[in-house]
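The structure appears below as structure tokens.
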Amino acid sequence: MRSREGLRTIALLEAAKGFLVLAVGAAVFEFIHADVQTLAEELVRQFHLNPASRTPRIFLKLAQEADAPHLLALAAAALAYALLRFVEAYGLWQERAWAQWLAVISSGCYLPLEAFELAKGITWARVTLFAVNLAIVSYLAWNLARQRRAQRTPSGHRRPDTPRPD
């Protein structure tokens, strides 16, 4: 895969993550003045879940504690995360080195957590998420190293006709 197509594929993935998180943040923002506890209880009933079992109980507890300041903070965090993904996607689409470094760092931060989750139990979702994230980080690191090698002369100095990375 050529560098441009690889970077643009990753840029589209990052933009999609940004839009998804932005949509979730907007949905959270809509619940600021709603009775979240009642809505959560209704969801548990609609899906015929046992409110005493572990996951529904955690969900109901979170809904009970979801007041306006918490929801506003969650919506703001979602907006910040989405903006980071959009900036990253733009930079990758434009083939900027800074965006590749940002993507390596921001995606690489998730690898230990994903490995920990895999150690707790292997599922297709966990394996897929870890493999895709590892592939992205590896590809970007390889691409950055390749670009760096291409900018060097045999003596180890930057060629004067090669533009500096961003």
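Tabulated data
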read-out: Options L118, L111, L72; residue that is of a type outside the set (G, A, S), within 14 Å of the chain's Cα centre (by Cα), assigned to a helix (DSSP H, G or I) and surrounded by 13 or more Cβ atoms within 10 Å (Cβ to Cβ); value: L111
read-out: Condition met for Y90 (in a helix (DSSP H, G or I), buried (at least 16 other Cβ atoms within 10 Å of the Cβ) and of a type in the set (F, W, Y)); value: no
read-out: Test: residue in the stretch 15-28 that is in contact with a helix residue (DSSP H, G or I) (Cβ under 8 Å, 6 or more places away or on another chain), more than 30 Å from L144 (Cα to Cα) and not hydrophobic (A, V, I, L, M, F, W, C); value: yes
read-out: So P56, is it outside any helix (DSSP H, G or I) and farther than 21 Å from N133 by Cβ; value: no
read-out: Selection within the stretch 39-53 - over 22 Å from A23 (Cβ atoms) and assigned to a loop (DSSP other than H, G, I, E, B); value: H48, L49, N50, P51, A52, S53
read-out: Evaluation of A27 against (1) modelled with pLDDT of 85 or more; (2) farther than 30 Å from V87 by Cα; (3) of a type in the set (A, V, I, L, M, F, W, C) (one fails), failing number; value: (2)
read-out: Number of the condition not met by V44 [criteria: (1) surrounded by 12 or more Cβ atoms within 10 Å (Cβ to Cβ); (2) modelled with pLDDT of 90 or more]; value: (2)
read-out: Matching residues in the stretch 67-109 - criterion: being in contact (Cβ under 8 Å) with a residue 40 or more places away in the chain and of a type in the set (S, T, Y); value: Y81, Y90
read-out: Residue that is surrounded by 11 or more Cβ atoms within 10 Å (Cβ to Cβ) and within 30 Å of E95 (Cβ to Cβ), where the choices are F19, F31, F59; value: F19
read-out: Near pairs, Cβ below 6 angstrom, 6+ apart or cross-chain, from the stretch 30-52 (without any contact (Cβ under 8 Å) to a residue 40 or more places away in the chain) to any residue that is loosely packed, with under 13 Cβ neighbours inside 10 Å and assigned to a loop (DSSP other than H, G, I, E, B); value: V44/P51
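The values are calculated or read from the model by the stated rules, or taken from the named source; none is laboratory data. Because the structure is a prediction, the values reported are computed rather than measured. Glycine also receives a Cβ, built like all others from the backbone with ideal geometry; neighbour counts cover every protein chain displayed.
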